[in-house]
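A.B. asks: The following block contains the structure, expressed as structure tokens.
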Amino acid sequence: MPQADIGLIGLAVMGQNLVLNMNDHGFTVAVFNRTVSKVDDFLTGGAKGTNIIGAHSIEEFVAALKHPRRVMLLVKAGQPVDAFIEKVIPHLEAGDIIIDGGNSNYNDTIRRCEYVESRGLLYIGTGVSGGEEGARHGPSIMPGGSPDAWQHVKDIFQAVAAKADGAPCCDWVGENGAGHYVKMTHNGIEYGDMQLICEAYSLMKAVGMTPAEMSEAFAEWNTGELDSYLIEITRDILAARDPETGQAMVDVILDTAGQKGTGKWTGISALEMGMPLTLIGEAVFARCLSALKDERVAASEKLRGPKRTFKGDRAKFVEDIRQALYASKIISYAQGFMLLRAAAAEYGWNLNYGGIALMWRGGCIIRSQFLGRIKDAYSKKTQPTNLLLVPYFRSAVRKAQSAWRRVVVQAVRLGVPVPAFSSALAFYDGYRSERLPANLLQAQRDYFGAHTYERTDKPRGEFFHTDWTGTGGDTTASTYTA
Ligand code: 2AM
């Protein structure tokens, strides 16, 4: 008789920890790994004394699974996922479920979902966030794919997921690639949150604060509306000392950021969908700029800026930075949810926005009190078209606005780059503008390319062309295909 409730392939640390987490919650898990020796290493190591079943071949692995079989992959994203799908399919039967828990691109998940369904099976692509710790003690889990599969994994996933205010940080996201899309957007927002914190740090540094003083400021911030995992770890990071040199740890770390690509994917998707995801875009570009270390070092000797002398009240400025960070964060999440709405329309997903906020509320890197507010906003009967219009956020931005503007002005004066703070403010001012200068832009397009324009005094959808130079005649860009 097959014993296992679920099988997991891929015994790297995330995989091992998720298996141990499932075991703790009373589920029997079968495990397999490409390098088979790792199965035995796990059984005699971390999994010793558990009910975990080790398999030494795909056949043995599948034979251990109860029906419908649930096969979860936690292998390297990309080709290895396709390879394992091909390996397991011949051993599965109609109604069995393949689950990809890796960091797959949502386009791959859409393709795989269609393929696996065409073979009579069910597919789930799920985001799992929270790193190794999260996998062990409660990650945020964002599943999407074949809707019929959800009922068969719900109990396991919700049991092992993090809990926020008692509710599991796991719910059904939507069809085919929706789970991985939401996970990608989570990572993009994470890029934005981290960049905002880095800009706050950079301003604190510019006004002469020591890392220890900064750590105290972050500790205080963490007791209020900014209460979140990332603020908390920043507090600890700034307090840490390098055992080798005795200096603050942050001061000995090279200022070049790495990235694995999910922020970039979020930006690409936003560009494809025509959504102004400016803050996350700036966060990705800030990492790119940081990576040009040698060029920056050379340029720093040649390109001059203002002297970094701050004359104001430092404590007041720190409070201004806190408010600028909060307001910018609201913009970033408003933009993130704008992207999700556009993606839902593009891909035909019926996204549950309150559920998404709840999934991000605990377990994952962007977990925060703040996400509880977003969940509340989407739990109302009428869904907001934009988070910025929800009374709570509208008033929070109104309250923080003066401080936010002061910070951006001060940063410009000091010559401290704050692309996320300032682009968030530019977005806010743009979004609340009844009229933007795009009238001039349309005129320019019409002037050089006869692209036509609509008029303020005529119904939308009627297009006009002006012969700006007296030599163009009536020909417009829509008259011919160029
Ligand atoms: P391994 O232990 O045999 O290297 C994370 O790297 C997980 O993905 C590991 O379980 C790893 O298996 C697996 N993995 C990495 N590359 C793979 C590939 N090309 N094919 C199958 N599994 C792979």
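A.B. asks: Need pairs with beta-carbon distance below 9 Å; first residue more than 9 Å from the ligand (Cβ to nearest atom) and aromatic (F, W, Y) and within the stretch 56-84, second open to solvent by less than 30 Å² (accessible area, probe 1.4 Å) and part of a helix (DSSP H, G or I); sequence gap 6+ or separate chains.
C.D. replies: Close Cβ pairs (under 9 Å, with a partner that is open to solvent by less than 30 Å² (accessible area, probe 1.4 Å) and part of a helix (DSSP H, G or I)) amount to F61/V88.
A.B. asks: Related question: Across the stretch 85-100, what is the total count of residues that are charged (D, E, K, R), open to solvent by less than 50 Å² (accessible area, probe 1.4 Å) and more than 16 Å from the ligand (Cβ to nearest atom)?
C.D. replies: Result for the stretch 85-100: 1.
A.B. asks: Name the residues in the stretch 379-394 that are at pLDDT below 95 and open to solvent by less than 60 Å² (accessible area, probe 1.4 Å), would you?
C.D. replies: Result: P384, single match.
A.B. asks: Name the one entry in G7, G26 that is within 16 Å of the ligand (Cβ to nearest atom) and under 23 Å from G130 (Cβ atoms). Show your work before the answer.
C.D. replies: Details: G26 fails: within 16 Å of the ligand (Cβ to nearest atom).
Residue meeting the stated conditions: G7.
A.B. asks: Still on this structure: Taking the stretch 280-297 as the search range and keeping residues that are open to solvent by 60 Å² or more (accessible area, probe 1.4 Å) and in a helix (DSSP H, G or I), which one is nearest to G192 (Cα to Cα)?
C.D. replies: Restricting to residues being open to solvent by 60 Å² or more (accessible area, probe 1.4 Å) and in a helix (DSSP H, G or I), the top hit is E282.
A.B. asks: If you scan the stretch 348-369, which residues turn out to be crowded, with 18+ Cβ neighbours inside 10 Å, touching a helix residue (DSSP H, G or I) at 6+ places or on another chain (Cβ under 7 Å) and assigned to a helix (DSSP H, G or I)?
C.D. replies: Matches in the stretch 348-369: Y353, I356, A357, L358, W360, R361.
A.B. asks: While we're on this one: Give the stretch 10-23 a look and list any residue that's within 16 Å of the ligand (Cβ to nearest atom) and of a type outside the set (A, V, I, L, M), or say none.
C.D. replies: Within the stretch 10-23, G10, G15, Q16, N17 meet the criteria.
A.B. asks: Consider V36 carefully, then state whether it is crowded, with 19+ Cβ neighbours inside 10 Å and within 16 Å of the ligand (Cβ to nearest atom). Full working, then the answer.
C.D. replies: Details: crowded, with 19+ Cβ neighbours inside 10 Å: no; within 16 Å of the ligand (Cβ to nearest atom): yes.
Spelling it out, it is not the case that V36 is crowded, with 19+ Cβ neighbours inside 10 Å and within 16 Å of the ligand (Cβ to nearest atom).
A.B. asks: OK, next. Can you find, within the stretch 429-482, the residue that is nearest to R394 (Cα to Cα) among those that are at pLDDT 95 or above and among the aliphatic types (A, V, I, L, M)?
C.D. replies: Going through the qualifying residues, I end up with L436.
The values are calculated or read from the model by the stated rules, or taken from the named source; none is laboratory data. Being a predicted model, the structure only gives us computed values, none of them experimental. Note that each Cβ is placed from the backbone with ideal geometry, even for glycine, and that neighbours are counted across all protein chains shown. Calculation scope for accessible area: heavy atoms of the full protein, side chains included, ligands and nucleic acids excluded. Shrake-Rupley method; radii C 1.70, N 1.55, O 1.52, S 1.80 Å.
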